[in-house]
1. For the chain, what is the accessible area per residue in Å² when the probe is 1.4 Å?
2. Enumerate by residue number the GluC sites (Glu not before Pro) in the stretch 149-193 meeting two conditions: DSSP loop (anything except H, G, I, E, B), and at most 12 other Cβ atoms within 10 Å of the site's Cβ.
3. ³J(HN,Hα) across the stretch 198-215 via Karplus (A = 6.51, B = -1.76, C = 1.60, θ = phi - 60°), whole Hz, x for Gly/Pro?
4. Could you work out [θ]222 nm for the chain from helices alone, using -39500 (n - 2.57) per DSSP H run of at least four and dividing by all its residues? Round to the nearest 500 deg cm²/dmol.
5. Using amide H atoms built in the peptide plane, which far-off residues or other-chain residues are under 5 Å from residue 48 H to H?
6. So for the stretch 18-147: antiparallel DSSP bridges make up what percent, rounded to the nearest 5?
7. Quick one: dipole size for the stretch 198-342, taken about the Cα centre, charges +1 on Lys/Arg Cβ and -1 on Asp/Glu Cβ, in debye to the nearest 20.
8. Which percent of the accessible heavy-atom area of the chain goes to carbon and sulfur, probe 1.4 angstrom?
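The values are calculated or read from the model by the stated rules, or taken from the named source; none is laboratory data. Please read these numbers as outputs of a predicted model, since none were measured by experiment. No Cβ is skipped: glycine too gets one built from the backbone with ideal geometry, and neighbour counts run over all protein chains shown. Note: areas computed on protein heavy atoms with side chains; ligands, DNA, RNA excluded. Shrake-Rupley method; radii C 1.70, N 1.55, O 1.52, S 1.80 Å.
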Amino acid sequence: MPRTLPAGVEVTSPAPREVWWELIARDAEALVTQTPTWLDCLCEAWPWEDASRLYRFVDGRRLLVPLVRHRRRPMRLLTEESWPGWGVGGAVVPDGAPDAGEARLVLADLADRPALRVAVRFGPGSAAVWNEVVPGAFAAVDRTTYLLDLDGGWEEVWSHRFHQQVRRGVRRAEREDVEVEVDRSGRLVPQFRRLYEESVVRWAEQQNEPLALARWRRRREEPPRLLEAVAERFGSSCAIWLARCGGRPAAAIVVLRHGTHTKYWRGAMDRSLAHPVHANHLLHRLAIEDACAAGSRRYDMGDARPESSLAHFKQSFGARPAASPAYYRERLPLTALDRRLRGAVKRVIGFRDA
C-alpha cells in the first residue's frame, strides 16, 4: 500500500510489476539481478516474498529498490535485503543516477524499517552517490565486482582486452578438440549440477573442510531449486555452456542476459579434465563472443577478492574491478555474531581460505 514520507515522497510496496519493468527499461545501468525475474527465482528457491519499494518524489521522478523478506516471520524478526547473498540488488534509477537528496531520503526510509536487519547492495554504476550520503546507522561492506567492456565488438575484445595467456589457452582448447555445447532450454541443468558437486568436493579439500559441512553450507547458500528456477524463468536468456573432453563433461558455466547486460553467474568443473586443456578459457571466449553478437555492452564476471587467484583469472579476460558496496543496518549485532561463530568453526577444523 502507498504511504507518504514526511518529505512528501510516496512509497508503494511491493512495487507494481509493470512499473518495475518500465523503470528497468529506462535504466541504462540495470543489471540482470535487478529484474523482477531474478526476484521470482530467489522467492522460488527460498521462503522469501517480494518487499520491493517504489519511491515517487514530489517532482514525479521514480526510483525502485528491489527487496525480499521471509514469508513466515514476524516483522521484528525479519530481514529485508537486496539481495541476501545472490547478486547485486540496489536501486533501479531511470534516466541517470539519483541526486544526493533522493539517495538520502531512500536510505533514511530503509534505515527506519521495523525489520531486524535491512541490507542493500548497490551496483557499480551509482555506488559513489550512495556512498556519499549513507547515514551512520548503516555499516559498510566492501565488495568488488569485475566487468568486461564489450564496446568495439568481438574483434576488439579478443585482440586488445584478452590477455595473451587467455588467447593461448583458447587455442590450446581448440587444438585439443574440446567439444562445446550451449543449451538455452534447461536441458543441461543435471550435467551442471553433477559438475558442481565435484567442485564442492575439490573446494572442501582445498579448504580443509569436512565434506559433509561443505555440502551443507552450499545447499544452505544455494538450494538446488535455484538453478532450476533460473533456467525456467529466464528461458532462452539463460545459457548453459558445457565443455566435454573425450566425451566426458569437463566444465560448464551459466550465463544470463537482460538487455545490454550479460552476466556470468555460475561455474563448475572437473579440474582433472578441464584444467590441462583450458576448457574454461574456451567457454568464456564463446560466451563473450555470443554476448557481443547479441549487442551486450558488458560481460559481468561477478565478484572476487582483489588480488585473489579468481580476481586474476577474471582480469586476464580484460575485466576491470569496480566497487559495488553493500550496506546493512541491524537492531541486534547479527553479522558480528555470525562472523565470530564462523571464525570459531574455522579455527576448530583448521579451515584454509582458498
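1. Numbers: 16450 Å² over 354 residues.
That works out to 46 Å² for each residue.
2. Working: sites: 155, 156, 174, 176, 179, 181; in loops: 176.
Loop-located and lightly packed - none at all.
3. 5, 5, 4, 4, 5, 4, 4, 5, 4, 8, 6, 10, x, 4, 4, 5, 4, 5
4. Numbers: 13 runs with 143 residues, N = 354.
Roughly -12000 deg cm²/dmol at 222 nm, from the helical runs in the chain.
5. Under 5 Å from the amide H of residue 48 lie the amide H atoms of 71, each far enough along the sequence or on another chain.
6. Values: 10 of 14 bridges.
The answer is about 70 percent antiparallel.
7. Values: 25 positive and 15 negative charges, 69 e Å.
In debye, rounded to 20, the stretch 198-342 gives about 340.
8. Numbers: 8280 of 16450 Å².
Carbon and sulfur: 50 percent of the exposed surface of the chain.
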